[in-house]
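S.K.: Would you mind keeping the following structure in view while I ask a few things?
The values are calculated or read from the model by the stated rules, or taken from the named source; none is laboratory data. If you're wondering where the values come from, they're calculated on a predicted model, not measured in any experiment. Because the Cβ atoms are built from the backbone with ideal geometry, glycine has one as well, and the counts that use them run over all protein chains shown.
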Amino acid sequence: LHKALGVGKDFSTWITDRISEYDFTIGHDYSVHKTISPNLGKSPNDAAYSKIKQSGRPGKDYLLSVGMAKELAMIERNDQGRAIRRYFIQCEEELQRSVPEIAARYRRQLKARISAANNFKPMCDALNMARAEMGKTTQQHHYTNESNMISRIVLGGLTAKQWARINGYSGEPRDHMNAEQLEHLSYLESTNITLIDMGMEYEQRKGELTRLSQRWLAKRLEAVHV
């Protein structure tokens, strides 16, 4: 959970701060277990535990309730946190049926959502740096233009906000996209970073991303029919 949320603090500081600040209760919201092996230890109930630090000091594993995990995700107030919280809620609603395919589908969607969230800031940073090298300042609308360009490729000519409005969704549009849309979005954002670093202008990148998008979709279609 700590890794997926993209938290800047080290794990130990983060979890102890959150427990103290939000009054989580041991035995109700979470339990703590010490690792017992220099490699991969196990608890008395055979749950796998993380590796002990190389310093030799015993580490701790925190086992969280779903409710606490949801609250921690919500507290972070970032795209990763919203995606993870939504994942937990969906799992609680759907996995009552104990259908493995549903769990696999939501895991794929969560992974794609986090990947899309992780690529957006580096794309903005790459754009800012490229424009700075040309002596240009970067305004908010420049970032919006990049985001809208990629969204239009993925969503059939619509921006994310337009797509959400047409489909009756509120809040962050990416929270409502399916796994394939998010994977497509993530692929194009990652590729756009490379094209920006190569010095391509906006229209050049738009054309290249459109071409690569069609190729990406064709490969996905081939994989489905294999």
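S.K.: What's the total number of residues in segment 92-151 that are exposed (fewer than 15 other Cβ atoms within 10 Å of the Cβ), closer than 19 Å to Glu208 by Cβ and more than 16 Å from the chain's Cα centre (by Cα)?
M.R.: Going through segment 92-151 one residue at a time, the tally reaches 1.
S.K.: Next up: State whether the residues of segment 81-101 include one that is assigned to a loop (DSSP other than H, G, I, E, B), under 30 Å from Ser20 (Cα atoms) and either of a type in the set (D, E, K, R) or touching a His at 6+ places or on another chain (Cβ under 6 Å) (or both). Write out each step before concluding.
M.R.: So the first thing to find is which residues in segment 81-101 are assigned to a loop (DSSP other than H, G, I, E, B), and the list is 98-99.
From what is left, the residues that are under 30 Å from Ser20 (Cα atoms) are none.
Taking every residue of segment 81-101 in turn, none turns out to be assigned to a loop (DSSP other than H, G, I, E, B), under 30 Å from Ser20 (Cα atoms) and either of a type in the set (D, E, K, R) or touching a His at 6+ places or on another chain (Cβ under 6 Å) (or both).
S.K.: I'd like the residue in segment 65-78 that is in contact (Cβ under 8 Å) with a residue 60 or more places away in the chain and either outside the structural domain of Ile26 (by TED's automatic domain parsing) or not in a helix (DSSP H, G or I) (or both) and, out of all such residues, is nearest to the chain's Cα centre (by Cα).
M.R.: Within segment 65-78, the match that is nearest to the chain's Cα centre (by Cα) is Asn78.
S.K.: Is there any pair with a first residue in segment 159-182 that is farther than 19 Å from Ser115 by Cα and a second that is assigned to a loop (DSSP other than H, G, I, E, B) whose Cβ atoms are under 6 Å apart and which are 6 or more apart or on different chains, and what are they?
M.R.: Trp163/Leu155
S.K.: Considering only segment 169-185, I want to know if a residue exists there that is at pLDDT 90 or above, in a helix (DSSP H, G or I) and acidic (Asp, Glu).
M.R.: yes
S.K.: Looking at segment 92-122 only, could you name the residues that are at pLDDT 80 or above, farther than 20 Å from Lys70 by Cβ and not basic (Lys, Arg)?
M.R.: Within segment 92-122, Ser115, Ala116, Asn118, Asn119, Phe120, Pro122 qualify.
S.K.: Take segment 183-226 and flag every residue that is of a type outside the set (S, T, N, Q), over 22 Å from Gly81 (Cα atoms) and in contact (Cβ under 8 Å) with a residue 60 or more places away in the chain.
M.R.: Those that are of a type outside the set (S, T, N, Q), over 22 Å from Gly81 (Cα atoms) and in contact (Cβ under 8 Å) with a residue 60 or more places away in the chain: Ile193, Ile196, Asp197, Gly199, Leu209.
S.K.: Tell me, please, whether a residue that is surrounded by 14 or more Cβ atoms within 10 Å (Cβ to Cβ) and polar (S, T, N, Q) can be found in segment 155-164.
M.R.: Yes, segment 155-164 contains a residue that is surrounded by 14 or more Cβ atoms within 10 Å (Cβ to Cβ) and polar (S, T, N, Q).
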